[in-house]
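Participant: Below you will find the structure I want to go over with you.
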Amino acid sequence: MNVVKEYPDGLFNWVDLSTNDIEGAKAFYTQLFGWEAEDQPISGGGTYTMFKLAGYNVAGGGQMSAEMMESGMPTVWTSYVKHSDADAIAAKITAAGGQVMMPAMDVMEEGRMLMAADPSGAVFGVWQPKNHIGAQLCNIPNTLVWTELQTRDIAGMQTFYAAVFGWTAETDETGYLSFKSDGRMQAGGLAMDDSWGDIPNNWSVYFSVADVPAMCARVEELGGSVMVPPTKIGEMGTFAVVADPQRGVFTMMSFNGEVDLPPGY
């Protein structure tokens, strides 16, 4: 098992769930992915749930505040990009036309974080590690394997993320975009059109699984729903888009071939 020790700057290193029912979410994800849920106290009161696999951190979760729920905020997975200087990235986000929604702040002794939106409105976080490096396991079944920008301005967002994180981008014969950080392919980009309806521009979270159809059946058994049924992507593999019982949306993916080894292990 390749345990990540440190992520290079510019790579997604963490995902967490903001939910209107953290107890329901813990029941769902522990049974679906075999995660363990460990509640950790946070400054100012409350807890943050650390989801673990084989004892290693793989994702996080937290209960929305009453104000968030009253505002109608949906349950959502958020993806975080690792960087060693969150404050410098905040300045780049603003200069490139994005919005810093929550300025960089210390999270106890765990790290420093900010929340932002790109010019198309897709929300992401930046994590500057201290004690918490991010996901210790990834790119294996039941862990984070991919993140994907779904946006109606794919060309403009290439310019934005190049300015903020130095990402380069390549488009394949199908029109699918791959973002690279220092040569490592680590995120995707998908152009949205009118067929997407009112789905907002977003960063989508992908978890690796061994058997997509079997996991879709399990999602439904646990009270979730299948939004896009198992679908093959050429020779690459099979994916499905699902939602947990609180309507937190994520994608499950199985690959026919080898998956890249984790970074920084």
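The values are calculated or read from the model by the stated rules, or taken from the named source; none is laboratory data. Here the structure is a predicted model, which is why all the values come from computation and not from measurement. A quick note on method: Cβ atoms are made from the backbone with ideal geometry, for glycine too, and the neighbour counts reach across all protein chains shown.
Participant: Please list, ordered by first then second residue, the pairs with beta carbon atoms under 7 Å, 6 or more apart or interchain, first in the stretch 222-234 and at pLDDT below 95 and among the aliphatic types (A, V, I, L, M), second surrounded by 13 or more Cβ atoms within 10 Å (Cβ to Cβ) and part of a strand (DSSP E or B).
Facilitator: Ile233/Phe239
Participant: Against the definition (surrounded by 21 or more Cβ atoms within 10 Å (Cβ to Cβ) and touching a residue at least 12 places away in the same chain (Cβ under 8 Å)), how does Gly10 come out, yes or no? Explain how you work it out, then say what you get.
Facilitator: Working: surrounded by 21 or more Cβ atoms within 10 Å (Cβ to Cβ): yes; touching a residue at least 12 places away in the same chain (Cβ under 8 Å): yes.
So Gly10 passes the test.
Participant: Which ones in the stretch 93-106 are without any contact (Cβ under 8 Å) to a residue 40 or more places away in the chain and surrounded by 14 or more Cβ atoms within 10 Å (Cβ to Cβ)?
Facilitator: First, the residues of the stretch 93-106 that are without any contact (Cβ under 8 Å) to a residue 40 or more places away in the chain: 94, 99-106.
Within the stretch 93-106, Val100, Ala104 qualify.
Participant: Moving to a separate point now. Scan the stretch 180-213 for residues that are surrounded by fewer than 16 Cβ atoms within 10 Å (Cβ to Cβ) and under 29 Å from Pro263 (Cα atoms) and jot them down.
Facilitator: Taking the stretch 180-213 first, the residues surrounded by fewer than 16 Cβ atoms within 10 Å (Cβ to Cβ) are 180, 182-185, 190, 193-200, 210-211, 213.
Of everything in the stretch 180-213, those that are surrounded by fewer than 16 Cβ atoms within 10 Å (Cβ to Cβ) and under 29 Å from Pro263 (Cα atoms) turn out to be Lys180, Asp182, Gly183, Arg184, Met185, Leu190, Ala210, Asp211, Pro213.
Participant: Which residues, taken from the stretch 13-39, are assigned to a strand (DSSP E or B), touching a residue at least 60 places away in the same chain (Cβ under 8 Å) and more than 18 Å from Leu144 (Cα to Cα)?
Facilitator: First pass over the stretch 13-39, keeping only residues assigned to a strand (DSSP E or B): 13-19, 36-39.
Within this subset, residues satisfying the condition of being touching a residue at least 60 places away in the same chain (Cβ under 8 Å) are 13-19.
Correct list: Thr19 only.
Participant: Go through the residues of the stretch 40-47 one by one and say whether even a single one is surrounded by 15 or more Cβ atoms within 10 Å (Cβ to Cβ) and outside any strand (DSSP E or B). Break it down into steps so the answer makes sense when it comes.
Facilitator: If we filter the stretch 40-47 for residues that are surrounded by 15 or more Cβ atoms within 10 Å (Cβ to Cβ), which is where we start, we get none.
Taking every residue of the stretch 40-47 in turn, none turns out to be surrounded by 15 or more Cβ atoms within 10 Å (Cβ to Cβ) and outside any strand (DSSP E or B).
Participant: Residues of the stretch 223-243 being loosely packed, with under 15 Cβ neighbours inside 10 Å and not in a strand (DSSP E or B), which ones?
Facilitator: Result: Gly223, Gly234, Glu235, Met236.
Yes or no, residue by residue, for (1) among the acidic types (Asp, Glu); (2) farther than 30 Å from Gly237 by Cα:
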site	(1), (2)
Glu110	yes, yes
Met113	no, yes
Asn131	no, yes
Glu148	yes, no
Ala155	no, no
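Participant: Another question, then. Name, by its number, the condition in (1) free of Cβ contacts under 8 Å to residues at least 60 places away in the same chain; (2) touching a strand residue (DSSP E or B) at 6+ places or on another chain (Cβ under 8 Å); (3) more than 25 Å from Phe165 (Cβ to Cβ) that does not hold for Lys130.
Facilitator: Result: Lys130 passes all but (3).
Participant: For the condition modelled with pLDDT of 95 or more, farther than 26 Å from Ser208 by Cα and surrounded by 18 or more Cβ atoms within 10 Å (Cβ to Cβ), what is the one hit in Leu114, Leu137, Leu144? Spell out the reasoning first.
Facilitator: On the way: Leu137 fails: farther than 26 Å from Ser208 by Cα; Leu144 fails: farther than 26 Å from Ser208 by Cα.
When all the criteria are applied, what remains is Leu114.
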